[in-house]
Amino acid sequence: MARRRISILGATGSIGQNTIDLIKRDLPAYEVIALTGAGNIAQLAADARVLNAQVAVTADESRLDDLRDALAGSGIAAAAGQAALSEAAARPADWVMSAIVGAAGLAPGIVALQQGATLALANKESLVCAGSLILETARQHNARLLPVDSEHSAIFQALVGEDMAAVERIVITASGGAFRDWPLDDLPNATLAQASSHPNWDMGQRITIDSASMFNKALEVIETREYFGVSPDKIEVLVHPESMIHALVGFHDGALMAHVGPPDMRHAIGYALHWPERRVLPVERLDLAAIGSLTFRAPDMARWPALRLAREVMARGGLAGAVFNAAKETALDGFIAGNLAFTAMAEIVEEVLTQMDASGGHIDASMTLDNVAAADHLARMAARDIIEKRAG
Ligand code: NAD
Ligand code: MG
């Protein structure tokens with residue numbers, strides 16, 4: 001049987017490494033085309049050698065020589081920079097994992113869809129920034145888009161064989177992150193180390209901090225709206241500290257179909273890898289009797305203003321998602337660099353949204369890759385400006 005051609009964008013990250021873990025267990029079944037990374041050259045080169053990839057690409061142009069050195073004698077091509085990332089995504093493949101973090105994942109994902117590959121989408125930012133563009137590109141090129149985010153994989157699985165017209169609501173769960181039980185008054189003093197530790201999931205640093213602020217859940221609400229085409233009033237967020245139920249779909253006969261599983265991304269990645277089949281996966285089997293109880297609570301809107309902002313972004317429409325995400329990424333950079341308090345991130349994002357809503361056409365421009373990039377760029381500038389003014 002022909003080997004399946006696969007590429008992994010963002011191979012050195014948390015999702016990328018989990019994907020490689022699954023691929024390595026059945027290496028003869030795959031022909032690895034491209035692996036991409038950024039700063040972690042040693043990891044990128046080591047994986048490219050083990051998987052015998054055709055090409056390894058770093059987003060960081062200044063590291064090209066390091067990558068060449070690390071791949072010397074392997075016969076694996078080395079490349080660097082944005083154009084090389086897109087060239088890698090354009091190489092014919094059957095399945096491409098989109099696991100770059102942030103809006104940087106959008107353009108390579110579009111290119112992968114344009115060559116007709118199935119795109120396993122971990123990069124939720126693509127849907128938040130340019131949902132209709134992604135879906136339209138997939139449609140035009142007859143390419144399939146499969147969700148990898150655990151909640152969205154759970155929804156997707158709960159919907160197998162169902163009629164969307166019978167869906168009354170979609171509930172996505174949230175652990176509540178690092179500060180779920182903190183006194184509200186302490187939140188402004190939360191440190192980077194505290195925000196970077198997740199109670200249940202082991203993920204990249206940025207999404208872990210976004211879980212503490214609920215910006216991750218805010219992005220996921222928008223991702224749900226875009227991917228499943230449901231109206232915002234049908235999407236609910238439920239705090240579920242144990243992270244065992246990932247999402248529930250409610251139907252108009254009153255049934256709620258829940259997806260239950262351990263917090264291990266290899267489930268969602270493996271489901272997207274083998275879809276429409278279910279294959280054996282190396283994830284823990286839950287012993288519910290030992291777990292004993294699962295708990296739930298309504299989200300505290302004062303603690304997590306990001307959830308309100310997501311609603312406003314959906315109501316605004318247009319390119320508001322791209323502005324929201326770019327402002328969030330910039331505020332997160334500010335928090336990581338120690339220039340912003342934890343609670344200031346949401347304030348910055350809200351200010352940028354207000355400013356760009358008032359300042360004319362960008363949010364209402366048509367959804368093209370160029371316009372999304374322009375809105376993203378302006379939102380980052382506006383956010384940096386506000387952060388600088390606050391510091392000065
Ligand atoms: P990560 O930070 O661990 O890895 C990010 C990857 O992107 C790395 O390979 C890095 O080299 C690459 N990268 C970083 N900046 C880049 C740039 N400017 N250009 C090109 N490549 C760049 O992130 P992660 O936690 O694996 O998350 C990846 C994506 O998956 C994110 O969109 C995240 O929201 C989503 N996601 C992650 C998890 C998880 O469990 N980690 C769960 C659900 C969704
Ligand atoms: Mg998720």
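It is to be established whether one or more residues within region 152-173 are under 13 Å from the mean Cα position of the chain (by Cα) and surrounded by 20 or more Cβ atoms within 10 Å (Cβ to Cβ).
Yes, that holds for at least one residue.
Conditions tested, residue by residue: (1) in a helix (DSSP H, G or I); (2) under 23 Å from ILE134 (Cα atoms).
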position	(1), (2)
PHE324	yes, yes
ALA327	yes, yes
LEU332	yes, no
ASN339	no, no
PHE342	no, no
ALA346	yes, no
GLU351	yes, no
MET356	yes, no
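Based on what the data block shows, is LEU85 aliphatic (A, V, I, L, M), more than 24 Å from ILE209 (Cβ to Cβ) and near ligand 1 (Cβ under 10 Å from one of its atoms)? Quick ask: steps written out before the conclusion?
Working: aliphatic (A, V, I, L, M): yes; more than 24 Å from ILE209 (Cβ to Cβ): yes; near ligand 1 (Cβ under 10 Å from one of its atoms): yes.
Taking the combined requirement at face value, the residue satisfies it.
If GLY338 meets every condition in (1) free of Cβ contacts under 8 Å to residues at least 12 places away in the same chain; (2) away from ligand 1 (no atom under 16 Å from the Cβ); (3) more than 23 Å from ARG225 (Cβ to Cβ) apart from one, which number is that one?
(1)
Is it the case, given these coordinates, that ALA120 is within 15 Å of ligand 2 (Cβ to nearest atom) and under 21 Å from LYS328 (Cα atoms)?
No; evaluated as a whole, the condition is false for this residue.
Looking at this structure, is PHE251 more than 21 Å from LEU159 (Cα to Cα), among the aromatic types (Phe, Trp, Tyr) and at pLDDT 95 or above?
no
Could you check region 166-180 and list, in sequence order, the residues that are in contact with a strand residue (DSSP E or B) (Cβ under 6 Å, 6 or more places away or on another chain) and either within 14 Å of ligand 1 (Cβ to nearest atom) or without any contact (Cβ under 8 Å) to a residue 12 or more places away in the chain (or both)?
Residues satisfying the conditions are ILE172, THR173, ALA174.
Quick one: how many residues across region 193-207 are part of a helix (DSSP H, G or I) and within 15 Å of ligand 1 (Cβ to nearest atom)?
At the first step, the residues of region 193-207 found to be part of a helix (DSSP H, G or I) are 193-195, 205-207.
Now restrict to residues that are within 15 Å of ligand 1 (Cβ to nearest atom): 195, 205-207.
Total satisfying the criteria: 4.
Return the residues of region 52-75 that are surrounded by 22 or more Cβ atoms within 10 Å (Cβ to Cβ) and in contact with a helix residue (DSSP H, G or I) (Cβ under 7 Å, 6 or more places away or on another chain); say none if nothing qualifies.
Within region 52-75, the first condition is being surrounded by 22 or more Cβ atoms within 10 Å (Cβ to Cβ), and the residues that meet it are 53, 56-58, 67.
Hits for region 52-75 are ALA56, VAL57, THR58, LEU67.
Output yes when any residue across region 77-98 is under 19 Å from the mean Cα position of the chain (by Cα) and within 16 Å of ligand 2 (Cβ to nearest atom), and no when none is.
yes
If you go through region 204-215 one residue at a time, how many are surrounded by fewer than 24 Cβ atoms within 10 Å (Cβ to Cβ) and either closer than 12 Å to GLY176 by Cβ or within 11 Å of the chain's Cα centre (by Cα) (or both)?
3
For ALA107, are the conditions met, namely being touching a residue at least 60 places away in the same chain (Cβ under 8 Å) and either within 21 Å of MET265 (Cβ to Cβ) or not in a strand (DSSP E or B) (or both)?
yes
Sort out which residues of region 88-105 are within 10 Å of ligand 1 (Cβ to nearest atom) and either among the basic types (Lys, Arg) or within 22 Å of VAL313 (Cα to Cα) (or both), and write them in order of number.
Hits for region 88-105 are VAL101, GLY102, ALA103, ALA104, GLY105.
Kindly list, by first and then second residue, each pair from a residue in region 58-85 that is in contact (Cβ under 8 Å) with a residue 60 or more places away in the chain to a residue that is surrounded by 17 or more Cβ atoms within 10 Å (Cβ to Cβ), limited to pairs with Cβ atoms under 7 Å and residues at least 6 apart or on different chains.
Pairs that qualify, where the first residue is in contact (Cβ under 8 Å) with a residue 60 or more places away in the chain and the partner is surrounded by 17 or more Cβ atoms within 10 Å (Cβ to Cβ), are LEU85/THR36; LEU85/VAL57; LEU85/ALA59; LEU85/PRO108.
Can you tell me which residue in region 114-133 is nearest to ligand 1 (Cβ to nearest atom), limited to those that are part of a helix (DSSP H, G or I) and without any contact (Cβ under 8 Å) to a residue 40 or more places away in the chain?
The extreme case among them is SER126.
Pairs please, first residue from region 144-165 and within 16 Å of ligand 1 (Cβ to nearest atom), second anywhere and charged (D, E, K, R), Cβ atoms under 6 Å, 6+ apart in sequence or on different chains.
Going by the 6 Å Cβ cut-off, the qualifying pairs are ASP149/LYS124; GLU151/GLU220.
The values are calculated or read from the model by the stated rules, or taken from the named source; none is laboratory data. Keep in mind that this is a model prediction, so the values were computed, not measured. When we count neighbours, we look across all protein chains shown, and the Cβ atoms used for this are built from the backbone with ideal geometry, even at glycine.
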